[in-house]
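**Student:** For reference, the structure I am asking about is given below.
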Amino acid sequence: MVEGSSYNTTQHPVDLYDVGYVEKSDIMKSTATTTTYRDLDVSPQPIITRRIMSSLRKYGSFIGPGLLISVAYMDPGNYATGITAGASNKYSLLFIVFLSNIIAIFLQTLCIKLGSVTGYDLARCCREYLPKWLNITLWILAECAIVATDVAEVIGSAIALNILLKIPLPAGVVITIVDVLFVLAAYRNDSSSTRFVKMFEYAVGFLVMAVVICFAIELSKVHANAAEVFRGYVPSKEMFQDGGMTIATSIIGSTVMIHSLFLGSGLVQPRLREYDVVNGLINLDDLFDESDDEKSTKSQREKEADYFYHKYKPSYQSIKYSLKYSIIELILTLLTLALFVNSAILIVAGSSLYDTPEAVDADLYTIHYLLSKNIAPVVGTIFMLALLFSGQSAGIVCTIAGQIVSEGHINWTVKPWMRRLITRAISIIPCLIISLCIGRNGLGTALNISQVVISILLPPLTAPLIYFTCKKSIMKVELPKEMQTKEVTVEGESENKEEGKYKYMVNNWITATVAVVIWLFISILNVYAIVDMAMHGVRG
């Protein structure tokens, strides 16, 4: 827009005020007039700059959930799979790494959409909208997936502690409970303030950045041909050689993690609540002043948590404000941090362990030995350090996902700290038994089996996500009164009234089709994996 162009402040009364050039009183005075940039003595360029800075500040306030979700895509289960892929097929399976990240981003976008529109996480939606028997069945499957995922985190951390600090495996397994203590002390997402949630997100983000730095150092120590590496992101016939499709199935299974779907649908609510409270769409003082029988027994904090859990629904304004930025933050985080780490694991293996038979289906101990021998001892040490950071951050995130699953599916009444403790205890007990009775080889086998279990459970637990986001009666939000229309005809009067009252945010036919294709693709890969496992046994 050039100087002298008109800007109607009646239609957009907030825009110029937001960028800081016009006082609010001036806007109120000119609501019935047409104002020009010349009248306001404002040039277009500063306004554009201010708008960009405003958007960046807004984006910055949304940084955090993507960091937590990215942890699920770089957990210990990815390490052995990535090493096997690089050792057997060099760089050709980088395309599968990229494809699995795209699938993860698509499914996580649906999770954000579901959590924003309904105000519920995926587990809570199952309880609210599915038959009781089906909800209980999905809860059992989800709990199995959470335990299998947590087993992988515990094993990865215990092995890293054993290699780095010579801590016995059983002791290392017990030490992993430390991350639960951190969660108990720091995490709370049932209030209208995101202060503590953001502090927690940044703390986990620190662990994620530590993993990224470790692999940046790893890449600097290897000698990889850049042209070959980038060619690996393009489909090729080499992908199908040396059992490439079996390994590809493992890559997708270890990347598209089930617990991340529950997590992604539950991390969006705090910012929606904060927006509604800050902008006066919810008045907490009125909530606290209400006279009821529970007033004397419940604190304000408990009342607030109870309200947001049982009665709160995100407003249309809060959804419109946050949905786009939540998705952008997720995409940027997964396409940079998660993709970088998974690619780096494979590149390190492809450049240093390709055609090394011992590296194919190797356990984490063997991987450490081969990296130390073939490149340098420091490379093996840094690899284990990255594994420790990944295991601890993934364990924290998995504990939160376990809480979301149980509270959502069955309305768990146990205190949150008790639930988190139980979640971690369930995974520690089998790991302790394995480490005490079988030792190193047992942990490696348990890690591989946990990835198989997660992969098999993925199709039945992703189906509800696709169903919910395609259902019109679920994916709707009430419009503000000033935006509601009253288009009434003789036939279908009630339907027309509802059409004007709600904004429907269901998947369009393209999104729905892509979602079904992805689900079928994952299901077929799982059938292939089960057949391969029956023929050749459990492999890394």
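The values are calculated or read from the model by the stated rules, or taken from the named source; none is laboratory data. Keep in mind it's a predicted model, so treat the numbers as computed, not measured. No Cβ is skipped: glycine too gets one built from the backbone with ideal geometry, and neighbour counts run over all protein chains shown. The area values use the complete protein model at the heavy-atom level, side chains included, leaving out ligands, DNA and RNA. Shrake-Rupley method; radii C 1.70, N 1.55, O 1.52, S 1.80 Å.
**Student:** Step by step: first the residues of region 211-223, then only those that are of a type in the set (A, V, I, L, M, F, W, C) and surrounded by fewer than 17 Cβ atoms within 10 Å (Cβ to Cβ), then the one that is farthest from Thr399 (Cα to Cα). Which residue is that?
**Tutor:** Leu219
**Student:** For residues that are charged (D, E, K, R) and at pLDDT 90 or above, scanning just region 214-230, find the one that is farthest from Asn342 (Cα to Cα).
**Tutor:** Step by step, filter region 214-230, then rank; the result is Glu228.
**Student:** Let me ask another. Quick one: which helices (runs of 4 or more DSSP H) lie wholly within region 207-289 and hold at least 1 residues that are free of Cβ contacts under 8 Å to residues at least 12 places away in the same chain and small (Gly, Ala, Ser)?
**Tutor:** The helices (runs of 4 or more DSSP H) meeting that bar are 226-231.
**Student:** Among the candidates Thr485, Thr445, Thr462, single out the residue that is outside any helix (DSSP H, G or I) and modelled with pLDDT of 70 or more.
**Tutor:** Only one candidate qualifies: Thr485.
**Student:** Follow-up. With respect to the numbered conditions (1) at pLDDT 85 or above; (2) under 29 Å from the mean Cα position of the chain (by Cα), which one is the sole condition not fulfilled by Ala376?
**Tutor:** (2)
**Student:** If you don't mind, another one. So which residues in region 44-93 are farther than 30 Å from Leu370 by Cβ, open to solvent by less than 10 Å² (accessible area, probe 1.4 Å) and among the charged types (D, E, K, R), if there are any at all?
**Tutor:** Matches in region 44-93: none.
**Student:** I've got another one for you. Please determine, by comparing only the residues of region 236-267 that are open to solvent by 10 Å² or more (accessible area, probe 1.4 Å) and among the small types (Gly, Ala, Ser), which one is modelled with the highest pLDDT.
**Tutor:** Ser236
**Student:** Pull up region 377-398, narrow it to residues that are in contact with a Lys or Arg (Cβ under 9 Å, 6 or more places away or on another chain) and open to solvent by less than 30 Å² (accessible area, probe 1.4 Å), then point me to the one that is nearest to Glu228 (Cα to Cα).
**Tutor:** Only one residue fits best here, namely Val379.
**Student:** Working carefully through the options Lys373, Lys324, find the one that is out of contact with any helix residue (DSSP H, G or I) (no Cβ under 7 Å at 6 or more places or on another chain), open to solvent by 40 Å² or more (accessible area, probe 1.4 Å) and closer than 22 Å to Phe262 by Cα.
**Tutor:** Exactly one residue qualifies, and that residue is Lys324.
**Student:** I'm trying to understand the selection: among the residues of region 193-252, which are closer than 30 Å to Val278 by Cβ and of a type in the set (Asp, Glu)?
**Tutor:** Within region 193-252, just Glu201 meets the criteria.
**Student:** Would you be able to tell me the number of residues in region 116-146 that are crowded, with 22+ Cβ neighbours inside 10 Å and modelled with pLDDT under 90?
**Tutor:** The number of residues fulfilling the criteria is 2.
**Student:** If Ser191 meets every condition in (1) assigned to a loop (DSSP other than H, G, I, E, B); (2) at pLDDT 80 or above apart from one, which number is that one?
**Tutor:** (2) is the only condition that Ser191 fails.
**Student:** Quick one: in region 355-367, of everything that is in contact with a helix residue (DSSP H, G or I) (Cβ under 6 Å, 6 or more places away or on another chain) and either among the aliphatic types (A, V, I, L, M) or farther than 17 Å from Asn448 by Cα (or both), which residue is surrounded by the fewest Cβ atoms within 10 Å (Cβ to Cβ)?
**Tutor:** Thr356
**Student:** OK, next. Exactly one condition in (1) among the acidic types (Asp, Glu); (2) surrounded by fewer than 18 Cβ atoms within 10 Å (Cβ to Cβ); (3) closer than 30 Å to Arg195 by Cα is false for Glu228; which is it?
**Tutor:** The single condition Glu228 does not satisfy is (3).
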